[in-house]
Amino acid sequence: MRNLTWQNSSSVSEFILLGFSSQPGMQLLLFAVFLAIYLAILFGNSLIFALIRIDSHLHMPMYCFLANLSLLDISYTTTTVPQMLLHLLSKKKSISYTGCIIQMYIFLSLGITECILYTVMAYDRYMAICHPLHYTLIMSRSVCVKMAASSWVGGFFFAMVHTSVTMRLPYCGPNEINHFFCEVPAILKLACADTRVTEVVVFVMGVILLMIPVFLILVSYVFILMAILRISSAAGRFKAFSTCTAHITMVTLSYGAAMFMYMRPAYSYAPERDKYFSFFYNVVSSLLNLQPEKGALVKLMGKK
């Protein structure tokens, strides 16, 4: 019923995704490069997910969360990349109004879930390093499953609010989106109504979903750093800190990009620049995440 309400307030039945059409001579090259990146993400994350599921040595909290992260990266990129690849080879670059709502909702759901999951992973590292004697008791399998599930539930709930706020606005035309998928800042540019209230809501949600988790992660790492500095041997300090490097790398990439896109004034939005930035944090960052994930697995496999 909500979708029908949105459609009734808008005369637009579909949107045109301009994507990377500003470089018509580069379409085939972009297709080949983007396809290679997408296949690498699918293969790498599927392999990590399968290894963690199959190997009993990897059935511990840190790797349970990494498995969820791999599944998120696969889903996250699949929400946007196949359509983008199709549009690079096709003259028809449209997406229906309902399809745009669904894509936006799924994309936001997965992105917010990832943000919450990074906070959960920081707490896991805090417990492992600061309270090692109680770690296995507190971070039991059932607790890890509940924490991971809560991340997914929270992501899909907050995304529903985010999507509802954006798509309640009327869209009367034009219907061309200078982007490769239906992202909130690009969609708001097409609204034929005052978007200031919506922009404030989006910003406030950005504070709640980005700044609060970042604060919690920073607090966790302050305690982690204090605990590491109390370790007497240099080898012990290095070993403890090395377990956190993968998480720090992934947090920096994801939160930095999300803050840039969702926590800045609307007037600073530049479609040509921002769609490449969106490609980086949506697709390239998922590829870069494979390196710390793979590194963490290699270290553990080497100990067996």
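Laid out as a table, the results:
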{"item": "Among the residues listed as PHE203, PHE223, PHE241, the single one being touching a helix residue (DSSP H, G or I) at 6+ places or on another chain (Cβ under 7 Å), aromatic (Phe, Trp, Tyr), modelled with pLDDT under 90 and outside any loop (DSSP other than H, G, I, E, B)", "result": "PHE241"}
{"item": "Among (1) open to solvent by less than 50 Å² (accessible area, probe 1.4 Å); (2) under 23 Å from ALA258 (Cα atoms); (3) at pLDDT 90 or above - the single one ILE95 does not satisfy", "result": "(2)"}
{"item": "Count - residues of segment 126-177 that are of a type in the set (Val, Ile, Thr) and farther than 30 Å from GLY236 by Cα", "result": "6"}
{"item": "Yes/no for MET60 being out of contact with any Pro (no Cβ under 6 Å at 6 or more places or on another chain), at pLDDT 90 or above and surrounded by 16 or more Cβ atoms within 10 Å (Cβ to Cβ)", "result": "no"}
{"item": "From VAL161, VAL145, VAL153, VAL165, residue being touching a residue at least 60 places away in the same chain (Cβ under 8 Å) and within 21 Å of the chain's Cα centre (by Cα)", "result": "VAL145"}
{"item": "Residue list for segment 185-204, restricted to those being within 18 Å of the chain's Cα centre (by Cα) and surrounded by 19 or more Cβ atoms within 10 Å (Cβ to Cβ)", "result": "PRO185, ALA186, VAL202"}
{"item": "Residues located in segment 249-297, provided they are at pLDDT 80 or above, closer than 17 Å to SER220 by Cβ and open to solvent by 40 Å² or more (accessible area, probe 1.4 Å)", "result": "THR252"}
{"item": "Subset of segment 223-246 that is surrounded by fewer than 11 Cβ atoms within 10 Å (Cβ to Cβ) and hydrophobic (A, V, I, L, M, F, W, C) - its residue that is nearest to LEU288 (Cα to Cα)", "result": "ALA235"}
{"item": "Qualifying residues in segment 173-184 (those that are open to solvent by 20 Å² or more (accessible area, probe 1.4 Å) and modelled with pLDDT of 85 or more) - the one nearest to THR77 (Cα to Cα)", "result": "ASN178"}
{"item": "Identity of the residue in segment 65-92, touching a residue at least 12 places away in the same chain (Cβ under 8 Å) and outside any helix (DSSP H, G or I), that ends up most open to solvent (accessible area, probe 1.4 Å)", "result": "THR79"}
{"item": "Every residue from segment 143-167 that is at pLDDT 90 or above and either among the small types (Gly, Ala, Ser) or in contact with a Phe, Trp or Tyr (Cβ under 6 Å, 6 or more places away or on another chain) (or both)", "result": "ALA148, ALA149, SER150, SER151, GLY154, GLY155, ALA159, THR163, SER164"}
{"item": "Candidates ILE102, ILE95, ILE112, ILE116 - the one that is in a helix (DSSP H, G or I) and over 14 Å from the mean Cα position of the chain (by Cα)", "result": "ILE102"}
{"item": "Cβ pairs under 7 Å, 6+ apart, first in segment 218-237 and more than 19 Å from THR249 (Cβ to Cβ) and touching a residue at least 40 places away in the same chain (Cβ under 8 Å), second open to solvent by less than 50 Å² (accessible area, probe 1.4 Å) and not hydroxyl-bearing (Ser, Thr, Tyr)", "result": "PHE223/CYS130; ALA227/ILE129; ALA227/CYS130"}
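The values are calculated or read from the model by the stated rules, or taken from the named source; none is laboratory data. Here the structure is a predicted model, which means the values were calculated and not measured. Every residue, glycine as well, gets a Cβ built from its backbone with ideal geometry; the counts of neighbours run over all protein chains shown. Remember, those area values only see protein heavy atoms, side chains included, never the ligands or the DNA or RNA. Shrake-Rupley method; radii C 1.70, N 1.55, O 1.52, S 1.80 Å.
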